[in-house]
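The values are calculated or read from the model by the stated rules, or taken from the named source; none is laboratory data. Being a predicted model, the structure only gives us computed values, none of them experimental. In this analysis, Cβ positions are derived from the backbone assuming ideal geometry, glycine residues included, and neighbour counts consider all displayed protein chains.
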Amino acid sequence: MSKTPISFEDNTKKSERKRRTGRGFFTALALCLIAIGGVAASTFSETVNHPMTDTSATTTVPTVRTTEIPAAAPTVASTVTTSTVATTEATTAPTEPPALTALPLNGAILTPFSERPLYNKTMADYRAHTALDLGGEEGQSVMVIAEGTVSATEEDPLWGPTVTVDHGEGVISVYRGVSATVPQGAHVDVGNVIGKLAAIPSEAHLGPHLHLELYHQGTAVDPASLLGELLPAPVA
């Protein structure tokens, strides 16, 4: 078998192709290295500028929803001012009725004031005598013991004709056995005549006399304690 002889020209062409091929390989290799270097540089830059976060070390903290508690309002000391109100009670008027300057009539004391039962000859029984009996003559003038207003005039089957005078301040005087000479509602001054002495059926044994009652805030009061020294001595 015969071999084809290789000429110098052919060897030259082959050498040239090898050189070209070698240059192309190295060029491609250089380009790859450049590309790899660029990627590496870019990755390094990203790593520097944006450090990688280790997700494995990241602990997810659960979101806890808290309820906001409103702040308590400041405690204000409540100062209660207790106003002292003067309580005005319905007190009784003075413990004593108005000043007395006149006797109802000039007569002796027949029966004194007594809360203890006394014997009544006319009624033949024992009873309290919350009044003052002053003797006199039938038709004798009877005067009011203090200023006031005639609040009533009446006829009582046991006590005979009666006149009542309101002196104000809770003081009332009652004149039993007296026929009124002034009308109901009339204003009278101390010493004014209010009637004439008459008989008292329930105390007929004493004859004509004045049965004088005195009340203060509804409570019977002994007229002698008010008339004082103006009264004559009691009948023995």
Mind checking which residues of segment 190-236 are surrounded by 15 or more Cβ atoms within 10 Å (Cβ to Cβ) and assigned to a helix (DSSP H, G or I)?
S202, E203, L206, A224, L226, L227
Subset of segment 184-225, residues more than 51 Å from the chain's Cα centre (by Cα) and aliphatic (A, V, I, L, M), comes to V193, L197, A198, A199, I200, A204, L206, L210
Of those in segment 175-189 that are of a type in the set (A, V, I, L, M, F, W, C) and assigned to a strand (DSSP E or B), the residue surrounded by the fewest Cβ atoms within 10 Å (Cβ to Cβ) is V188
Considering only strands (runs of 3 or more DSSP E) wholly within segment 106-174, the ones with at least 1 residues that are in the same structural domain as Q217 (by TED's automatic domain parsing), without any contact (Cβ under 8 Å) to a residue 60 or more places away in the chain and over 19 Å from Q217 (Cα atoms) are 114-120, 125-129, 141-143, 148-156, 160-168
Selection count where residues are modelled with pLDDT of 95 or more and either β-branched (V, I, T) or touching a helix residue (DSSP H, G or I) at 6+ places or on another chain (Cβ under 6 Å) (or both), scope segment 172-220
10
